[in-house]
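Every read-out reported here was derived from the displayed coordinates using simple, explicitly stated rules and does not represent laboratory data. Bear in mind the structure is a predicted one, so any value in this text is a computation, not a measurement. In this analysis, Cβ positions are derived from the backbone assuming ideal geometry, glycine residues included, and neighbour counts consider all displayed protein chains.
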Amino acid sequence: GENVEQHPSTLSVQEGDSAVIKCTYSDSASNYFPWYKQELGKRPQLIIDIRSNVGEKKDQRIAVTLNKTAKHFSLHITETQPEDSAVYFCAASVYSGGYQKVTFGTGTKLQVIP
Amino acid sequence: SQTIHQWPATLVQPVGSPLSLECTVEGTSNPNLYWYRQAAGRGLQLLFYSVGIGQISSEVPQNLSASRPQDRQFILSSKKLLLSDSGFYLCAWSRPLDYGYTFGSGTRLTVV
């Protein structure tokens, strides 16, 4: 089955700096890669996603890149703000047996220091 | 618009007691439904998924079961809770043949 590895597990940055979270996946059939942000005690919320036919996608301060050949994808947050502090999960998804099989990474706890 | 409801928000149950968590989706039909568990400080583990009424698939053999008695209702149950069942339980839905999950607000279960 799919295996998603995520690094680093914790990340501290100064406010205004950039943060990068990296993930690798094992199943070349995976074709959709969402990123979720989970604030303490809350549900994970989708912040950005990318499909396998796209190499990069940007939404304001957040961008995601995908390298299908190397099977890795990354989340980039620029000009970080204290409200960016949360746990971020990457995921790799493939349709199998009529449903969307999503495998999550283990999460990165991001702390933005004011 | 579509909304997902999950309850209760928190639950404290003694070891050996039964469990029933409910999830409903509004504003769509024939959704794919999922139950995830998140242990404290850990990632998301898929427990069950369903592509239709009465159709349940289990990803991890355990002390839990799931049922889908109606199109937009998904229930997570246990006959006898274990301490290891403690965690944050999340229901999610997605459109068939489409990508992207939407999670419910979660139930924090503490087994004592």
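Here are the numbers for this structure:
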item: For the protein assembly as shown, size of Cβ-based charge dipole, Lys and Arg +1, Asp and Glu -1, in debye; result: 420
item: Equivalent ellipsoid dimensions for segment A:39-98 as semi-axes, Å, which come from the Cα gyration tensor, largest first; result: 23, 17, 9
item: Cα-Cα P(r), chain A, percent of pairs per 10 Å interval; result: 15, 48, 29, 7, 0
item: Spin-label model distance (nm) - residue B:13 vs residue A:60, 7 Å beyond Cα toward Cβ; result: 3.9
item: Dipole in debye (nearest 20) - segment A:14-83, about Cα centre, beta carbon charges: Lys, Arg +1; Asp, Glu -1; result: 320
item: Cα-projected label distance for residue B:110 with residue A:45, points at 7 Å along beta-carbon direction, nm; result: 2.6
item: Antiparallel DSSP beta bridges within the protein assembly as shown, percent to nearest 5; result: 90
item: Whole-Hz ³J(HN,Hα) from phi, Karplus 6.51 cos²θ - 1.76 cosθ + 1.60, for segment B:97-107, glycine and proline x; result: 6, 10, 10, x, 9, 10, 8, x, 6, x, 10
item: Kirkwood Rh and Cα Rg combined as Rg/Rh, the protein assembly as shown; result: 0.97
item: Cβ-defined net charge surrounding residue A:16, 12 Å radius [Lys, Arg +1; Asp, Glu -1]; result: -3
item: Cα centroid separation, segment B:63-112 to segment A:7-43 (Å); result: 23
